[in-house]
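Peer 1: Mind having a look at this structure? Questions to follow.
The values are calculated or read from the model by the stated rules, or taken from the named source; none is laboratory data. Just so we're clear, the structure is a prediction, and the values are computed from it rather than from any experiment. No Cβ is skipped: glycine too gets one built from the backbone with ideal geometry, and neighbour counts run over all protein chains shown. These area figures cover heavy atoms from the full protein model, side chains too; ligands, DNA and RNA do not enter into them. Shrake-Rupley method; radii C 1.70, N 1.55, O 1.52, S 1.80 Å.
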Amino acid sequence: MANQSSPSSSIYCASFNQDNSGFAISSKDSFKIFDSTTGRLCYKRAAGAFVIVEMLYSSDLLALVGAGEQASLSPRRLCLFNTTKGSPLKELNFLTSILAVRMNKKRLVVVLVEKTFVYDLNTLVMLDTIDTVPNPKGLCAFSPSLEGCFLAVPASTTKGAVLVYNVMDLQSHSEIDAHRSPLAAIALSSNGMYIATASEQGTLIRVHLVSESTKSYSFRRGTYPSTIYSLSFGPSTQLPDILIATSSSGSVHAFSLMLAINQRSKRSTSFLGSVLPDSVSDALDPAHHHVLQNAVSSGVRSYAVVRKVDKLEGTSSPSQFTSIRATVSVITYSGYFQEYTMSINSKNESLWTLEREFNLYPVISS
């Protein structure tokens, strides 16, 4: 790991697009778009400070929200920006600061502190307004799939309850009581089937089947409290194999969902019963938890995604058989991009390999 001593405030925001093929960062005077696979700088614009740069896959559409450091970049104004033309397409103004923006090919979601607005992306007609509990961090999760397009936001300020809303059908889907403490992180799988949550304690990560909102699977991250900065499922059309978390401890945590569930399946005749039993002990087998220690300096905010998961065939030596190989990308708010390969073999032993790392500062300051 390189020396990550740069101030954590140098990056204002970092976000991956819906399929994790690209990512965006912003600094005090510009924003940049990168290709996740190659690290190539695809687009840059020196236009001031932005707190939200949201991509729509790899299209030329961006959703931008200013940091308020320039009069023209109000945090209450959403700008839909065309990178090919280099000009705004449309601006939407709100009464309070915009805290999060999410998009798919048909919907635009704008999160404020106590309201969330749903728009038709093509016409920008407002379709619904969701009244929410105070959400000053703009905490939300979004599944971009048109078949299972859900939005998740906090449903309580005193406990870890989640409101799941169907963005395509424009109706509340369910409310999930996930934790005793307020939420710190939420993630939905890309197909909208599963939701992961972490509370402010940060010791337990829970996974719920969205259609069975009262049932959960739990993983223990650690014994001592830690702030969870990000949660991300691996890509999958069904149950993702891997769930990734980053925390204030500086570690990257990987949880083997498929291996854990396969182990339970051997003890149950019901698939759903094995995946999401009615009651789960929080003192779970740590074998499903694979940790990369000190990936980031302690206290530095980071954001990790699983870009790719390969299930490998066996070799002539069973002890060398690798069952899962995942590509994990990490952005640190101290200005680094890292890519790891995480391999889990048939003995459930993991190996993390740093494939590449580069400093975003030369690009930021260019």
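Peer 1: Given H placed 1.01 Å from N in the peptide plane, which residues other than close sequence neighbours of Arg107 have an amide H under 5 Å from its amide H?
Peer 2: So Arg107 has HN proximity to Leu121.
Peer 1: Kindly sort Leu139, Leu257 by accessible area of their heavy atoms, largest first, with the probe set to 1.4 Å.
Peer 2: Ranking Leu139, Leu257 by accessible area, largest first, yields Leu139, Leu257.
Peer 1: Connecting C-alpha atoms closer than 10 Å in a GNM of the chain, tell me which of Gln201, Gln338, Gln70 has the biggest fluctuation.
Peer 2: Gln70
Peer 1: Please check which bits of the stretch 287-312 a label hung off Glu357 would reach, taking the label as a point 7 Å along Cα-to-C-beta and the cut-off as backbone N under 20 Å.
Peer 2: Flagged as within label range: 290-307.
Peer 1: Let me ask you something else. How much of the pair distance distribution for the chain lies past 35 Å, counting alpha-carbon pairs only, in percent? Could you put the intermediate results ahead of the total?
Peer 2: Numbers: 14121 of 66795 pairs.
Result: 21 percent of Cα pairs exceed 35 Å.
Peer 1: Please list 53-59, 36-42, 19-25 highest first by mean number of surrounding beta-carbon atoms within 10 Å per residue.
Peer 2: Sorting 53-59, 36-42, 19-25 by mean packing, highest first, produces 19-25, 53-59, 36-42.
Peer 1: Tell me, what are the semi-axes, in whole angstrom and largest first, of the equivalent ellipsoid of the stretch 6-144 as set by the roots of 5 times the Cα gyration tensor eigenvalues?
Peer 2: Calculated on Cα positions only, the semi-axes equal 22, 18, 15 Å.
Peer 1: Can I ask one more? Among the aspartates and glutamates, select those whose C-alpha is under 15 Å from the C-alpha of Lys32, and discard any that sit fewer than 8 residues away in the same chain.
Peer 2: Glu54, Asp60
Peer 1: How many nm is it between the label spots at Glu349 and Leu127, if each spot is 7 Å from the Cα in line with the beta carbon?
Peer 2: 5.0
Peer 1: Now a separate question. Using a 1.4 angstrom probe, figure out how much accessible area the chain has per residue, in square angstrom, rounded to the nearest whole.
Peer 2: Result: 43 Å² per residue.
Peer 1: Largest first and in whole Å, what are the equivalent-ellipsoid semi-axes of the stretch 106-222 based on the Cα gyration tensor, each being the root of 5 times an eigenvalue?
Peer 2: Equivalent ellipsoid of the stretch 106-222: 24, 16, 11 Å, largest first.
Peer 1: Build a GNM of the chain with springs between Cα atoms under 10 Å: which of Ser230, Ser26, Ser211 gets the top mean-square fluctuation?
Peer 2: It is Ser211.
Peer 1: Counting only other residues whose beta carbon sits under 13 Å from that of Asp128, what net charge do I get with K and R as +1, D and E as -1?
Peer 2: Net charge around Asp128: -1.
Peer 1: Rank Thr132, Thr96, Thr123 by mean-square fluctuation in a GNM of the chain with C-alpha springs under 10 angstrom and give only the top-ranked residue.
Peer 2: Top of the fluctuation ranking is Thr123.
Peer 1: Same structure again: Anything over 21 Å Cα to Cα? Flag those among Lys159/Lys215; Lys215/Lys311; Lys137/Lys159, in the order listed.
Peer 2: Over 21 Å apart, Cα to Cα: Lys215/Lys311.
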